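The structure appears below as structure tokens.
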Amino acid sequence: MPQKKCILCSHWSFNYRSLSSSTYQWFHEHLRSQYKVFDESDLNLCTTCVADFYKLKETLTIRLTDEPMDIADEINENDDDNQFTLENIIFGGSGHKKCVVCRQDIRNGAVTMPKSARLDLLVIHSTYAPKGVRCCSNHLFHEKRLKPHHPLNMDNRQRLATCISSSEIITLVSDLLSLLQEALTSPRLDFLDSTLNDEDYLAWTGWTKTQFDNMFEIVSPYLRSSANRHARNALAMFWIKLKTNLSFRQIGSMFNIPGDGEYRRKQAADAFDSIRECLVENFVPLHLGVEHLTREDAKSQNTSFSKEFFGNNVTIIWDGTYLYMGKSSAHLVNRKTYSGQKHRHLIKFMSLVLPNGYVLDTIGPFWGTMNDATIANTITNTCDTLMRWCQPGDQMMMPRI
């Protein structure tokens, strides 16, 4: 599918909507009134601008309604002012003193309920809340969407049927259509969705929701969202790749990245690289490396066993580990990564572990042909940071050198 230029934002996109039909004649007239040059037979709108398109339509509709009308139109206007009753929809109230969800008195943490949250209230709880109602901020996810697991307090609430005017009906239907359009273009797996629970996060990323939130809070200042994915979803793509080893093309399809398969693969791979660089620069140094702990913090990791035998000094256990890898096409690399002990190709790392199991640092990689003693000797001769951090009296438990 070729890219088309959006008439509103002028961006080129694979996903677009044609506006060349005579159904959109009102939009054509509006463009002419703005002195815009366009080809009526090739007029397109990208998915990002759909909401702005409907807002423009609503604005033009209101403007036409406000213009002088003849007697017949005034009769129709009077008819439009009649109230429509929605029997199956509960009216949430229009007061500003209580939260529309929990019915608690408004406190400092209350906010005006955004349109997207009011639509969630209508869809999830069959309750209509007019514009301007307020709710507690803890009921909202990212200050936009209503958290679906928060129950609607029905105590001391009259179950009144909703009565709204025809103009409100038009606005409501337009908002619901925008919500449906957003659902069509949103990711099939969306980590902005508040309905995802701990089990979902563990299944896809290997982290609980709280752990994922903490990680995102640390790295979010260094990430930016794009037209293809939100920064939170980019972090999810990284961990899904490591957890499931799905191809980038599959991950791109799962997150509904616009474009063909190759474009999706490239965008998912770029997101993976961006997150990897961000984590290495801004997250890993906070949790790995000899300098991420003070010496007093390291001593607090001692156990009663280590204190009994080695005193209350810094005690570090050197433990070699390895990671299997595929055969390399380079002959020299193929030879140096082959382990005669394991009879497989691998690379080795040396973990520096404190007595209670806390990993202080992991140094590597090293060739698969090197044993633990050779690796330890290499580290003591080349790792200046570790040598500066350690002091006389510290205990090192390592292979014999």
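Worth pointing out:
- When D52, D361, D213 are compared by accessible surface with a 1.4 Å probe, the order from highest to lowest is D52, D213, D361.
- When each of K144/K241; K4/K115; K57/K144; K5/K131; K98/K131 is checked by Cα-Cα distance, pairs over 26 Å: K144/K241; K4/K115; K5/K131
- For the range 306-397, the fraction of 1.4 Å probe accessible surface lying on carbon and sulfur atoms is 51 percent.
- In the chain, helical runs assigned H by DSSP with n ≥ 4 each contribute -39500 (n - 2.57); averaged across all residues and rounded to the nearest 500, the mean residue ellipticity at 222 nm is -12500 deg cm²/dmol.
- Solvent-accessible surface (1.4 angstrom probe) belonging to E217, in square angstrom, nearest 10: 130 Å²
- Charge tally around G252: other residues with Cβ under 13 Å, Lys/Arg +1 each, Asp/Glu -1 each, net +4.
- N356 versus Y54: modelled label distance in nm, points set 7 Å from Cα along the beta carbon direction: 5.3 nm
- Label positions at D270 and L288, each projected 7 Å from the Cα along the C-beta direction, are separated by 2.7 nm.
- Across the range 90-165, the relative contact order, built from alpha-carbon pairs under 8 Å that are at least six residues apart, equals 39 percent.
- The local environment of L386, defined by Cβ-Cβ distances under 10 Å, has a net charge of -2 under the rule Lys, Arg +1 and Asp, Glu -1.
- Applying 1/(1 + (r/R0)^6) with R0 = 41 Å to the Cβ-Cβ distance of H149 and H30 gives a FRET efficiency near 0.45.
- Checking [x] 1.21; [y] 1.42; [z] 0.95 against the coordinates, the calculated Cα Rg over 2.2 N^0.38 Å falls under label [y].
- The residues of the range 4-60 expose, per residue, 59 Å² of accessible area to a 1.4 Å probe.
- A110 long-range amide H proximity, modeled H, under 5 Å: S137
- For the range 263-401: rounded, prolate or oblate by the Cα gyration tensor [a/c cutoff 1.5]: oblate
- A straight chain from F349 to R335 at 0.36 nm per residue would run longer than the Cα-Cα distance by 3.3 nm.
- Rounded D (µm²/s) - the range 342-390, Kirkwood Rh over Cα pairs, Stokes-Einstein at 4 °C, 1.567 mPa s: 109 µm²/s
- Residue-span extension gain [N197 to H96] - 0.36 nm each, minus C-alpha spacing: 33.2 nm
- Under 11 Å, Cβ to Cβ, from F366 - net charge with Lys/Arg +1 and Asp/Glu -1: +1
- Counted residue by residue at 0.36 nm each, then reduced by the alpha carbon distance between them, the extension gain from S21 to S328 reaches 104.8 nm.
- Computed E for L86/F310 - FRET, C-beta separation, R0 51 angstrom, nearest 0.05: 0.10
- Percent antiparallel among DSSP beta bridges (both partners in the chain, rounded to 5): 85 percent
- Simple spin-label estimate for S174 and D260 in nanometres, 7 Å along Cα-Cβ: 3.8 nm
The values are calculated or read from the model by the stated rules, or taken from the named source; none is laboratory data. Quick caveat, the model's predicted, so the values are computed rather than measured. No Cβ is skipped: glycine too gets one built from the backbone with ideal geometry, and neighbour counts run over all protein chains shown. What goes into the accessible areas is simple: the full protein's heavy atoms, side chains included, and nothing from ligands, DNA or RNA. Shrake-Rupley method; radii C 1.70, N 1.55, O 1.52, S 1.80 Å.
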